[in-house]
1. Using amide H atoms built in the peptide plane, which far-off residues or other-chain residues are under 5 Å from Asn91 H to H?
2. Could you pull out every residue, at least 5 positions away or on a different chain, whose amide H is within less than 5 Å of the one on Arg805? Hs are placed 1.01 Å off N in the peptide plane, and Pro or chain starts have none.
3. Gain in length, Thr771 to His477, computed as 0.36 nm per residue apart minus the alpha-carbon separation, to one decimal in nm?
4. When only the heavy atoms of the protein chains count and the probe is 1.4 Å, how do Asp623, Asp408 rank by accessible area, highest first?
5. Pop the C-beta distance of Cys281 and Glu443 into the FRET formula with R0 = 30 Å and round what comes out to the nearest 0.05.
6. Working out 0.36 nm times the residue gap between Lys601 and Met678, then minus their Cα-Cα distance, what length gain in nm do you get to one decimal?
7. Of the accessible area of the range 155-198, with the probe set at 1.4 angstrom, what percent is carbon plus sulfur?
8. Distance in nm between label sites at Lys555 and Glu656, each 7 Å beyond Cα in the beta-carbon direction?
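The values are calculated or read from the model by the stated rules, or taken from the named source; none is laboratory data. Nothing here was measured: the structure is a model prediction, and the numbers come from that model. Reconstructed Cβ throughout: ideal geometry from the backbone, glycine too, with neighbour counts over all protein chains shown. What goes into the accessible areas is simple: the full protein's heavy atoms, side chains included, and nothing from ligands, DNA or RNA. Shrake-Rupley method; radii C 1.70, N 1.55, O 1.52, S 1.80 Å.
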Amino acid sequence: MSCQLSAISKFHDISTVRNFFFPSPSKESTPNRDEGGEDSVSTSMNEDWNAAWGFDDEKVMVQEAEVGDGSCEHDHNKWLQSCLVSLSPTNDVLAIAHGSKICIMTQKWDAKNKGEEIDTRLMPVWETNLGLDEKETITAVLCLPLASQKRSTQGGPDWTCIIVGFSSGYVRMYSQTGVLLLSQLLHLEKVERLKCRTYAPPRFLGMAETHDELLIMYTKAIVSIDGFSLIQTLRACRNQVARATASGTENLLQPPPLAYKKWSLGDQERVGDYVACGVVCANPFDQLKAASMLGGMKAAVKTSPPAMSVFLTSGSGPYVGFFYAIEGFAQPILSEVAIAMANKIKSALLSAASGWLGFGGKAKEEKEKPPKIEPATPLPLRFGLPDKRRCGEMIILSPNNNFAATTDSFGRIILIDVQRGMAVRMWKGYRDAQLGWIEVKEESVEPGKNNDHYRLAQFLIIYAPRRGILEVWLAAHGPRVAAFNVSKSCRLVCPCYGMMGLNNVTCRGVRSRVFQCALIDPDGVIKTIDIPFHLALSDKSSKRARDLHLLKKLKTFLKESSEDREGLQETIIELLLDLKVSSIAHQAIERVLSTRYLPVKVMQNIVRASIKRLEARGDETLDLDSRMMLKFCKAQRSLLALYASVQKLNSGQIEENRLSASEILTDVLRNSSREAAMVLKTLLRLDALTTPPSPERQPSRVTFNDDRQPIAATSFLHAFSYRSLFSTEEDPASASPPSGKLTQITISKEATEERRLALAEFLFGGCLRGTCQAPELVSVIQESGLPPDQLMNLLLLHWLSESGRSVSSLGSLYELVKSITAMTDVNEVVVDSNEFSAWWTRVRNMCSQSVNCRAAYLAVLVCKAVAAHALGVVPKEKDPDADSASSTSDDNEAGDGTKLSSDLSLDSQDWETVTVDMESWEVLLKQCEDVLAITTLLNIHTEEVAGSAGSEQITVSVSKLLQSGKGTWGGVHGGPTHCHDNETKYTREEMGSNHVFNYV
């Protein structure tokens, strides 16, 4: 990922602003040559002379006009470079000045731009001529946002103060609507520059914090105004002007005076620009060195180094100068200046009141007696970079105060190390260049890493108007990381400050400035430069930081996009394939597969592209992270293929079952006709006795359409996890995994019960409803490699989740249970006759724990049939009188011993194979019949039971009755049962001789 230019604001109509400062020249009328007199005679003589020599004046005039028009158009396009421009760091106010004219623009929302990326425009709110006379011109302008003192603020500025410096030495401060708040004369020289420093907390312990201050540069002096006193004065003046404007009366209260310091820079011949580097404290060695050089070997040295304010100047004699102002003494507040300031406020109030009441005009502020100007404190030049021929034009300080970049008259850009006081780099061929700085913060690499431990990178922005190029360089010895071809008439703006009025408490959570460096296009578009942090790094760290930036871009793209966006798949694949670090690419794949609106087809194409790229590299060149990512992508490919296939099968039409209920029980489940009749009889009586209550008494239930929708692809993928299995005893942490390493997809342990139910409904619900055949579904599931035991758990979880199961679905359930059982290991299903199968034991436990007795009873019938088929047991038709015959034979055998010997000689074909598993199924089936009868008795709805209020439904299961012990039926049943004689007869018939529970 590389740098890019992003638009942050636009002019509403930049041509109007340009015409305000540079009006188009009107075409002057030329004299008529046909008029009589000497002019006409001389004109005719010149025409004859030119005609004789073959001169064509029309061609010459056309050529001169073309040259003149080209030069005018060239100057007309570069009007921004000849103006003074100040853009507020909060991107809400823009001030442009030229000569004595000034134009203030603010951001306003325009309904015509609704839906665009930038729906606000910079519109002029104040255009005027500020010069009191023809000689006074504007020489400096600054837009200073002031922080709000209200707790309900959202971090934006309260208002913006427009500070204007004039050639007469006056500094006037206006509101953003053009109301004069304060006029100050601090030095009798031209105001050269206006700069500001705002609060910045210390990054590390022991570093000094940056305080608010306004810096005014004159030709040979620098004035520093304390930020706190400036805010208090401006707030008092603004309040008084508002009261005077509202009431039309003069209620003058003396505002708090300005606290400022003034220094003179007499040791340097010419000062073109300056920067304030803040307060520094020298180490003991530098203190001794400076004391020895200034005072000699007998100089007195203090025990602790003093704190000093460093000013760095650019000009001539020397080219760069370092001035140190020792802190610890207070510059006296000038009483004359305070009185003069009160007079200026009074004049401003009178001017505002007169304008409100409709009489008078501008107050004659400058005709009053000028205040007494106190002399400046001489500031000695500590050292500098001498160069007699070179003259510095501008200087700009980096955000971390470590570097300063200067431009000179030779078209050079020199980078200066502020701490060491030496030039470290030079660029040539940048005449009339404009400079700026951008500080980029490192993005968090690890989620759990402390955000305070981050790195900062400094990038130098160079705009060369003569070449029409914008370059980004890494300080101090880094390469050029980006270059843009831009117009030759742009203007680079770099406010090195934020909102004034913040402190260590209010600065938290407040964005002090929206941008660091912006480029104003002649078309009226203001663009900022976005630089990723990885461009400041190299090798592996650069790749990781670069990929982190791409990952952040991918997340933003997925968040702001939709399914209908054009080129969605191509953009995602391009970003994924551009990632170099496998661990970050793995995170990107997970983020893509977590996007709900992406179609399954798009997800499959993205995963295939990632797999193709990894396989193209070869197994030998893949590291551990790449191998893990490859395994993950293959697992996701299998799951997505399963989801797409099951979704296609579930979308089919429901087919009617051709077999009747008795045929399913006899032909499919291989039950005898008598057993099938008993099952159907039991279910019919259950349906007849457990009729639902009337609609009036049935409790209302709220349902949502989303509950019936199939599980989404993202939720389907999140329900699974994958793990690597090793077939050989090798180290799994080794970078070179063994050849026997396999990937198994399992259901995630973190999947909730609701997600498991939704997953089971999606996988098996369509087959049980009849939308697809069981063999087709099983073949699709088998290709995914899901464990058979988890598939069986899901199938039983879905079947046992509802009580209203019918016999018509037993055919599909039988095929599913049979196919899933065939997928597992034979040794787990088929065991010795005197052993329990672990496979069927788990199935029986799930059926015995279900409270939906009807579904559990039918599931036991199906699983018993599958178990008999797996063991090869063929059920035989039982005689209805088998029990009485067996009891009679037992009596005869006890009485006559000859009968026993004759039975032992029977043919082996008359014997029935008996296993522990099959007996367990027979017992569980009888238990489910009894529990079904109990549930029927508990759910009988007579008029007395249905009319009783506050009755709760009692649920029972096989495991619950077995774990509760003897006397359970009495505790479950409770009081007397309201039932009819035929119902009591039914329960006694069903539970009389065949029950397996002890209820006594």
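1. Correct list: Val514.
2. Those lying under 5 Å, H to H, from Arg805 are Ala855.
3. On the way: separation 294, 0.36 × 294 = 105.84 nm, distance 6.95 nm.
Full extension of this stretch gives 98.9 nm more.
4. Values: Asp623 75, Asp408 5 Å².
Of Asp623, Asp408, the descending order of accessible area is Asp623, Asp408.
5. On the way: r = 32 Å, r/R0 = 1.08.
With a Förster radius of 30 Å, E is 0.40.
6. Full extension of this stretch gives 22.7 nm more.
7. On the way: 570 of 1190 Å².
In the range 155-198, the share of accessible area belonging to carbon and sulfur is 48 percent.
8. Taking the two extended label points, one gets 5.6 nm.
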